[in-house]
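The values are calculated or read from the model by the stated rules, or taken from the named source; none is laboratory data. These numbers were taken from a predicted model, which means no experiment stands behind them. In this analysis, Cβ positions are derived from the backbone assuming ideal geometry, glycine residues included, and neighbour counts consider all displayed protein chains. We work out accessible area using only protein heavy atoms, side chains counted, and drop any ligands, DNA or RNA first. Shrake-Rupley method; radii C 1.70, N 1.55, O 1.52, S 1.80 Å.
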Amino acid sequence: MNSNFYYIQNESPELKEFPFVSCLLSQKVQQIILDSWEVGQRAGIGIFSFTEGKYEWSLEHKTYPLYPNDSLIVQPWQALGNPRGYLEIGAFMQLSILPSHWTKEGHLILGDWSKISYSEQVVISKLFLSNAKPIIPRNPAIGQLIMELGQEVQEQAFGYRTRVPQIVDEILITWARTLGKTERNNQDFSQTFLQLEQTLRANLEHPWTLEEMAGLAGLGNTAFSEKVKRFSGFSPLNYLINIRIAEASRLLKSSDKSLTDIALETGFYSSQHFSTTFKKLTGYTPRDYRKIHI
């Protein structure tokens, strides 16, 4: 296989079968070309893996040094490039994915091509958004997968139409797992717990599962449940219910929203479910609680 490849959607017939891939390349830069890599937005989710040289790229007005075996992920609305406007001498690989939908609020829909479940896509997007430093250092796994992806597109061997989306899924899962593990190693659980709570409070309407919450913390279900229980005294799902009831109480006292609207906004699937849970935990129905506090 040629280790250098360069495929661009609508220009390279090899990508016609895979409209969710906007760019797939392995590029060796042997001389500086001015005005070749200015800071700006790039199409799709950009995943870069560096193999030779040292790069200094700007992402959202912050400059990061990038070394061989480092990986970098760029979200669709972020500005990326070299502040000096050119590509440094070296080598890197790039995969750009066009999701069906991805917002700054963390709503990710990859598309029908992906076999990653919706709940796992939620975790992936939240991990990406909560990660302040979008680099995974000294981890060659992402680069190896991009190289394998390039080989499938280049050789078009039997089953490549099946393998290409599988490898793209594997790249995203590998990134999320590595990111979760890195975050877990870099901080104690109190910080993880604080970040998790902030994410839950900002997305209470989402039907969170144990698997999703554990994924955000970079832990397996059992280890996550044990840590949350020791830290808060509650199981993860009961802790989530307490957060929902606390927010519902605030809305009952400070807004004139209907009980149904408050129920849905705080993650209850119906006003009846909300009323039953609220009375069980507070001793009041939502309606009586509102009367008392207005």
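Overview of values
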| quantity | calculated |
| --- | --- |
| Relative contact order, percent, the chain [alpha-carbon distance under 8 Å, six or more residues apart] | 14 |
| Alpha-carbon spread of region 202-265, three principal axes, descending order, Å | 41, 20, 14 |
| Local electrostatic count at P68 - Lys and Arg +1, Asp and Glu -1, tallied over other residues with Cβ under 15 Å | -1 |
| Label point at D261 placed 7 Å out along Cα→Cβ; residues across region 197-230 whose backbone nitrogen lies under 11 Å | none |
| Helix 118-130 vs. the chain, principal-axis angle (Cα, 0 to 90°, nearest 10) | 80 |
| Extension gain from I32 to L210, taking 0.36 nm per residue of separation minus the Cα-Cα distance | 59.1 nm |
| Contour minus Cα-Cα distance for W77 and F231 (0.36 nm per residue) | 51.8 nm |
| Where labels lie 7 Å past Cα in the beta-carbon direction, separation of K115 and Q144 in nm | 2.0 |
| Residue list for region 266-281, given a label point 7 angstrom along the Cα-to-Cβ vector of I292 and an amide N cut-off under 13 Å | 278-281 |
| Accessible area (Å², per residue) of the chain, counting only protein heavy atoms and a probe of 1.4 Å | 51 |
| Efficiency of FRET between Q166 and N203 - r from beta-carbon atoms, R0 22 angstrom, step 0.05 | 0.15 |
| Calculated FRET value between I89 and T178, using beta carbons and R₀ = 25 Å, to 0.05 | 0.35 |
| Label point distance in nm, L281-E17, each placed 7 Å from Cα along Cα→Cβ | 5.0 |
| Pairwise FRET efficiency - R250 versus T63, Cβ, R0 = 41 Å, nearest 0.05 | 0.50 |
